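Colleague: Please read through the structure below; I'll follow up with questions.
Taken together, the values in this text are just the output of simple stated rules run on the coordinates, not laboratory data. These numbers were taken from a predicted model, which means no experiment stands behind them. Note: ideal-geometry Cβ built from the backbone for every residue, glycine included; neighbour counts use all protein chains shown.
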Amino acid sequence: KAGVTQTPRYLIKTRGQQVTLSCSPISGHRSVSWYQQTPGQGLQFLFEYFSETQRNKGNFPGRFSGRQFSNSRSEMNVSTLELGDSALYLCASSLTRPSQETQYFGPGTRLLVL
Amino acid sequence: GENVEQHPSTLSVQEGDSAVIKCTYSDSASNYFPWYKQELGKGPQLIIDIRSNVGEKKDQRIAVTLNKTAKHFSLHITETQPEDSAVYFCAANPKGGNTGKLIFGQGTTLQVKP
């Protein structure tokens with residue numbers, strides 16, 4: 001069974017631009033969660049999608065948004081990029097309940113904002 | 001608030017020795033405690049998890065213990081090998097999983113010297 005895939009793997013943007021990251025979950029998984037990982041703040045929860053609906057949200061500004069498609073693939077978007085948005089963005093998929101069952105992480109998208 | 005503290009931040013052991021990483025959580029409603037291993041350039045991978053109705057769980061060289069009263073849980077790795085070198089994260093689910101997210105510790109960098 002293929003794992004979680006994320007594209008692109010690396011991205012360089014400048015301040016003020018916007019970016020879209022993509023995540024394909026494991027086949028059959030309906031929940032997709034997104035995390036931001038930085039050396040200073042560690043792994044922080046962004047949001048979780050289930051059946052095309054945002055079910056849970058972390059404490060991030062509205063510049064961070066996402067969506068999920070009918071095939072469970074998910075995208076996240078960051079608008080008006082700031083230097084502090086430089087991070088590794090991780091996507092994780094699970095069957096239905098990400099905070100009660102195994103989450104499988106992708107390799108991440110490393111975003112650098114200049 | 002929701003918080004998971006992890007210690008130590010770095011740990012260096014000789015091959016064959018044991019390694020112990022400790023975590024403390026703040027929300028007494030948490031009932032799922034996974035441990036993840038993250039190797040360089042990869043996303044976190046679940047290595048073991050424990051639920052609040054169990055005090056200890058083992059899987060070959062890895063074991064996790066949970067003390068609900070003290071709100072702390074620990075990862076034990078015996079007979080360490082160089083391939084165990086990685087960053088380890090503990091996590092807990094606040095509000096018993098009703099938020100759909102995991103709160104992660106800051107991570108422990110484990111170095112196993114051959």
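Colleague: Relative to the compact globular guide of 2.2 N^0.38 Å, what is the alpha carbon radius of gyration of chain B, as a ratio? Present the calculation step by step, with values, prior to reporting the outcome.
Modeller: Numbers: Rg = 13.6 Å, N = 114, 2.2 N^0.38 = 13.3 Å.
That works out to 1.02 for chain B.
Colleague: Expressed as a rounded percentage, what relative contact order does chain A have, with Cα pairs under 8 Å and six or more residues apart? Intermediate values should be presented prior to the final figure.
Modeller: On the way: 296 pairs, mean separation 41.3, N = 114.
Averaging sequence separation for qualifying contacts and normalising by length gives 36 percent for chain A.
Colleague: Please list, by residue number, every one of the trypsin sites (Lys or Arg not before Pro) in segment B:24-71 that is coil in DSSP and has at most 16 other beta-carbon atoms within 10 Å. Please list the in-between numbers first.
Modeller: Details: sites: B:37, B:42, B:51, B:57, B:58, B:61, B:68, B:71; in loops: B:42, B:61, B:68, B:71.
Counting only loop positions with at most 16 other Cβ atoms within 10 Å, the trypsin sites (Lys or Arg not before Pro) in segment B:24-71 are B:42, B:61, B:68, B:71.
Colleague: Estimate the FRET efficiency between residue B:45 and residue A:17 by the formula 1/(1 + (r/R0)^6), using the beta-carbon distance for r and 30 Å for R0, to the nearest 0.05. Please report the intermediate quantities before stating the final value.
Modeller: Details: r = 32 Å, r/R0 = 1.06.
Approximately 0.40, to the nearest 0.05.
Colleague: Work out how much length residue A:55 to residue A:96 would gain on full extension: take 0.36 nm times their residue separation and subtract the Cα-Cα distance, in nm to one decimal.
Modeller: Working: separation 41, 0.36 × 41 = 14.76 nm, distance 1.11 nm.
Length difference between fully extended and current span is 13.6 nm.
Colleague: Within segment B:25-84, report the GluC sites (Glu not before Pro) that DSSP leaves as loop and that have at most 13 other Cβ atoms within 10 Å.
Modeller: Working: sites: B:39, B:56, B:79, B:83; in loops: B:39, B:79.
Those that pass, being in a loop and sparsely packed, are B:39, B:79.
Colleague: Okay, moving on. Using a Gaussian network model of chain B with C-alpha springs under 10 Å, which one of B:41, B:16, B:55 is most mobile by mean-square fluctuation?
Modeller: Top of the fluctuation ranking is B:41.
Colleague: Two-decimal Rg/Rh of the protein assembly as shown from alpha-carbon positions, Kirkwood Rh?
Modeller: On the way: Rg = 17.5 Å, Rh = 18.0 Å.
Checking Rg against Rh, the ratio lands at 0.97.
Colleague: Under a point spin-label approximation (7 Å from Cα along Cα-to-Cβ), what is the residue B:69-residue B:83 distance to one decimal in nm?
Modeller: Each label point is offset 7 Å from its Cα along the Cβ direction, giving 4.0 nm.
Colleague: Pop a pseudo-label 7 angstrom from the Cα along the beta-carbon direction at both residue A:38 and residue B:9 and give the gap in nm to one decimal.
Modeller: Calculated label separation equals 1.6 nm.
Colleague: For chain A, take N as its residue count and report Rg(C-alpha) divided by 2.2 N^0.38 Å.
Modeller: Working: Rg = 13.1 Å, N = 114, 2.2 N^0.38 = 13.3 Å.
Dividing the Cα Rg of chain A by 2.2 N^0.38 Å gives 0.99.
Colleague: Now for a separate question. Can you tell me, using C-alpha contacts under 8 Å and at least 6 residues apart, the relative contact order of chain B as a whole percent? List each step's numbers first, then the result.
Modeller: On the way: 295 pairs, mean separation 42.2, N = 114.
So the answer I get is 37 percent.
Colleague: Quick one: among B:93, B:31, B:53, which has the greatest mean-square fluctuation in a GNM of chain B with alpha-carbon springs under 10 angstrom?
Modeller: B:53
Colleague: Distance in nm between label sites at residue A:63 and residue A:10, each 7 Å beyond Cα in the beta-carbon direction?
Modeller: Output for this residue pair reads 2.4 nm.
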